[in-house]
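These notes are about the structure you will find just below.
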Amino acid sequence: MIKNILIAGGAGFVGSNLALNLKQELKGCRIICFDNLIRAGSELNIPRLEDCGITFIKGDIRNLQQLLDLPKIDLIVECSAEPSVLASYDNPSYTIETNLMGTLNCLELARRDKSGFIFLSTSRVYPVEQVNNIPYEEQATRFDWLKRAEGAGYSYRGVNLDFSLNGVKSLYGATKLSSEQLVLEFADMYSFKCAINRLGVIAGPWQMGKIDQGIVGYWMARHKYRGALSYVGFDGLGKQVRDIVHVDDVCALILYQINHLDGLDRKIFNAGGGRDNSVSLLELTDMVRKITGNTIAIGSVRDNRKADIRIFIADNSAVSRETGWAPQKSIEDILVDVNQWMDTHADELKGVLT
Ligand SMILES: NC(=O)c1ccc[n+]([C@@H]2O[C@H](COP(=O)([O-])OP(=O)(O)OC[C@H]3O[C@@H](n4cnc5c(N)ncnc54)[C@H](O)[C@@H]3O)[C@@H](O)[C@H]2O)c1
C-alpha cells in the first residue's frame, strides 16, 4: 500500500507535472516534491503544487541527511537532474554530484524504506558515434534513417534496447547510465522494486526551455518573444531529427509503472515520441510559425557541438508490448498546449523564458 511518494526534482518540468497527475490519480497518497530549485523557473511550480495539497520541500539530493530526514517513503520517482548535455561539459562536477551521487543518495533512502524506485533515464545513454553511424539520407526538410536501415539495436522504426552502450555518450549520458546500474544493483541487493525509463525529448507546458535543454519550449519562446535563434551543427541546415513525447504521456507511463511495479520490476524501457512524433528543426520552425503567427530570422552555425546527434527516434515496441503504452499526443498537440500555456502565464514566464 503506497502512502508516501517522493518526487525528487519535483519542482522541475516532469516532476511537477507528474506530482499533479499522481495527486489526481492516486487518491489518498501524500506526494512530496523535493527540489533545490536550481533550474530557473522551477520556483514557479511551487504554488501550483501547494495549491493542490502537495508538500514541497526545498532540499538537495546531494545531501544524504536531508533525504534521510524525510518520513518513511513508499515510492521514489527520481526526476531530479542536471538534464543538459552541454551543461555537463561546462560543469562536470555538478552533473556527476547530482545525476550520479544524488541518485545514490535517493537509493540510500530507498534502501532504508524498501521504497519502490522509478528512475528517469535518457536516450543519451546510447553512444553518440554509433547513433550517428546509423545509415541515413538527406531529404528536403530532414535527415532520416534509410527505410531499409536494420542493424544491431536499430531499425527504421527507431533505436531499441539491444543498441550498444559502449562508447562516449556525453557526461550527462554517462552519469545516467551509471545511475541505472546503481538502481539495478541496489534493488537487487536490498530487495526493492524498480523500473527505468530511457526517455527521449519530452515537451509540454511548464518546461522552462533554455538554449541547451528543453528545445520545444525554447523554440516556441524565441518565436513568441522574437529572440535570436540558430540552427547549430550538421552544417547549420536544421535537418537534425528528434522524436518528441508530451509530458502527459510520460506521466501516464509512470502511473502505469507505479500501479504495476511488481510485474515490471527491473525493467528498462526506451520510451519516446516514436517515428510518428519525429520532427526536424526545420519542420518544427514551420509548425511553430503557423501556431504563433510569428516568423523570425534563424541563423546558421555549421559546426557541431560536442555530443551532437543527427537523428534519434526511440523504438517503443518493447514498452508498448509490456505495458500497452504508446504516446497519445501528437507534435501538434504538444505545440498547441505549450503555446496556450505561454499565453496564459505570459507575465510570470517573461523573466524566465525571455
Ligand atoms: N526533459 C527532457 O526532454 C528529458 C529527456 C530525457 C530524460 N529526462 C530526464 O527526466 C528528468 C526530469 O527532467 P526535467 O525535464 O523535468 O528537468 P528539469 O530541469 O525541469 O527538472 C529537474 C529538477 O531537478 C532539480 N534539481 C537539480 N539538481 C538538484 C539537486 N542536486 N537536488 C535537488 N533537486 C535538484 C532542478 O531544480 C529541477 O527542478 C531528469 O532526470 C532528466 O534527465 C528529461
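Scanning the stretch 110-126 for residues that are within 16 Å of the ligand (Cβ to nearest atom) and either assigned to a loop (DSSP other than H, G, I, E, B) or among the hydroxyl-bearing types (Ser, Thr, Tyr) (or both) yields a total of 4. None of Arg157, Arg111, Arg142 is of a type in the set (Lys, Arg), in contact with a strand residue (DSSP E or B) (Cβ under 6 Å, 6 or more places away or on another chain) and touching a residue at least 12 places away in the same chain (Cβ under 8 Å) except Arg142. Within the bounds of the stretch 170-182, is there any residue that is touching a Pro at 6+ places or on another chain (Cβ under 6 Å) and closer than 24 Å to Ala195 by Cα? Yes, the stretch 170-182 contains a residue that is touching a Pro at 6+ places or on another chain (Cβ under 6 Å) and closer than 24 Å to Ala195 by Cα.
The residue that is surrounded by the most Cβ atoms within 10 Å (Cβ to Cβ), among those in the stretch 244-298 that are touching a strand residue (DSSP E or B) at 6+ places or on another chain (Cβ under 7 Å) and on the phi > 0 side of the Ramachandran plot, is Gly274. The set of residues from the stretch 233-285 being within 17 Å of Ala203 (Cα to Cα), assigned to a helix (DSSP H, G or I) and of a type in the set (Val, Ile, Thr) comprises Val247, Val250, Ile254, Thr285.
If you take the residues in the stretch 71-97 that are within 11 Å of the ligand (Cβ to nearest atom) and free of Cβ contacts under 8 Å to residues at least 60 places away in the same chain, which one is farthest from Leu6 (Cα to Cα)? Only one residue fits best here, namely Tyr94.
Applying the condition of being small (Gly, Ala, Ser) and within 13 Å of the ligand (Cβ to nearest atom) to the stretch 151-177 and asking which residue is surrounded by the fewest Cβ atoms within 10 Å (Cβ to Cβ) yields Ala174.
For the stretch 45-59, the count of residues that are within 10 Å of the ligand (Cβ to nearest atom), within 30 Å of Ser164 (Cβ to Cβ) and buried (at least 17 other Cβ atoms within 10 Å of the Cβ) is zero.
Every read-out reported here was derived from the displayed coordinates using simple, explicitly stated rules and does not represent laboratory data. What you see is a predicted model, and the numbers here were worked out from it, not measured in a lab. So basically every Cβ, Gly included, is an ideal-geometry build from the backbone, and we count neighbours across all protein chains shown.
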